[in-house]
Amino acid sequence: MAAKVKLKQRPGLKPFIISLLDGGVPLPPGTKCCPTHSGLSPSDYPQAAQSCRMLLKQCGTMKRVPLPQELVEQFAHVETISSMGLLPQIGRAWLTIDSNIYLWNYRDGSDLAFYDGLSEAILSAGIAKPKPNVFQPQIEYLLVLATTVEIVLLGVTFSGDEIRVIPDPLFALPTDGAFILTIEASDSGRIFLGAKDGCLYEVTYTSDSGWFSRRCKKINHSRSAISFLLPSFINAAFYEDEPIVQIVIDESRRLLYTRSDKGTLVLFDLGENGSSVSRVAYMTLQNIADAAHNIVSTIDKTCFRPLAGISLIESSESPELNLVAFSTSGVRMYFTCLPFNAIIGAPLTSPVQRYSGLTLTHIRLPPGFSVSSTSQKPSNVRASYYCKGTSILSSPHADDTDSIWVASSDMFPFSQTLTEGFSVEQLDGRVCDIVLDGVRNSIVGGLKMEPPAVVVQHSRPPANFVILTSQYPVYVALNPYLYYWTVKLYSKLGMVYKQGSDRRWEWKKGKSYKRYGKLGKLDAYRDESSNPFLRTFLR
């Protein structure tokens, strides 16, 4: 019988990431490796000590930016469709009212721009980088709009901080009856569309047209060419429509995922050079719920469905895990696209193979599931987002208002198990979108794995997330690890925290004290060469 082994934690990875044995040594042949779960132990979400509760606050600052007054006035004239979203690539929020789209700077509510050159209601919007050598150099981005009858590509230029949308479309093509629900573009400029008919489309364009090709066309990557030659009633018998409501693109691995409104996840491989598309695998919501229930059978299967959203796990965080899915109960489900046993048995230095499927490897239950927990559980999750160990969920709080649940392992970077702090913040309005503002690049050259936040907290700004609600965008700055390591460091220095109206750190001996406030820049954390934590990540 195959033996079960307990997987060890490889330095440099988040505690929940299944990894190799120390040194990258493969497991013995015949070793049986099983998916895992967490969240049921009280130590998974430890409550801060009463004296340090203020210091362990999860969210640093929350900045609310009101909607431009012109937009508020336009709401009174809405006739058909009104939707909102965020475009972090250009630092803009967007709002569609009927056939008009409005763009403004979500950081301060300034620079309102609009486009009203369409005759049909806008269903979805997205932003893309232009392909090289196709447009004039002043075209910095493409604004992609999909209506009920056509898909339009508009040029976007910037003059300083001001945005300008060129009114004349660069390209326009018919939708052929496909209702486009979501638009996502890759860093290389490929434009992907998710439609109501359950198909993944791509808009391609070139600078010149040939005898047998058009300058701009729409390609269906979900169905074969022969399906277009068959009558519609035959296609209906073989294909069940599951509208695609979300597309995420993994640039580091060149993979693409789609999520349907019924919870089906589909994996597409974009090829080693990112120029092709092939459907690799899929998992239905029933398959996901069954697999999750097999991992943690004490939890009702309804907690694993339906799905509220999916997010990437970048290769800089884990070479093994690829995707995390959120259920409406707040349960996180981590997937890998590599064969599960191949992940455990391959050496660290082996080349990354192309991905072949979707396998559920870990279940993380939200706060409130442990027997001794007194905290509430998230429910009816509407929106979700994950980045670098931080998860954000939104759930209804009261009429027309939501609350956000923030869970992060940054406060416990070297714990042997996944330990997270969490907090709940109330917002005004319903959450429409959640994104990370800007790109968090590694500050240390040559690093293959992302260092813990405590290592780089003084060398780069904290993560700023933008949450777009029906009332205004909200800036949430996450910087909990600063406070955590203040407590740890000052305690080791022989200092105690004094409560009262004048809260401060005091030396245990003597009457003199030095007031510190937030942790200053420590030489040990700024000096990469002498930092043992950073050396862990160097290969």
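Things to note:
- Modelled spin labels at residue 83 and residue 399, positioned 7 Å past Cα toward Cβ, are 2.8 nm from each other.
- Neighbours of residue 322, meaning other residues whose beta-carbon lies under 10 angstrom from its beta-carbon, give a summed charge of -2 when Lys and Arg score +1 and Asp and Glu score -1.
- Calculated FRET efficiency, residue 301 to residue 120, Cβ-Cβ distance, R0 = 35 Å: about 0.25 to the nearest 0.05.
- Residues whose placed amide H lies under 5 Å from that of residue 36, excluding near-sequence neighbours: 362, 363
- Cα shape, the stretch 386-441, gyration tensor, a/c 1.5 rule: oblate
- Residues with amide H under 5 Å from that of residue 281, placed H, sequence gap 5 or more: 267
Coordinate-derived values only; no laboratory data. All values derive from a computational prediction rather than experimental measurement. Note that we place each Cβ from the backbone using ideal geometry, even for glycine, and neighbour counts take in every protein chain shown.
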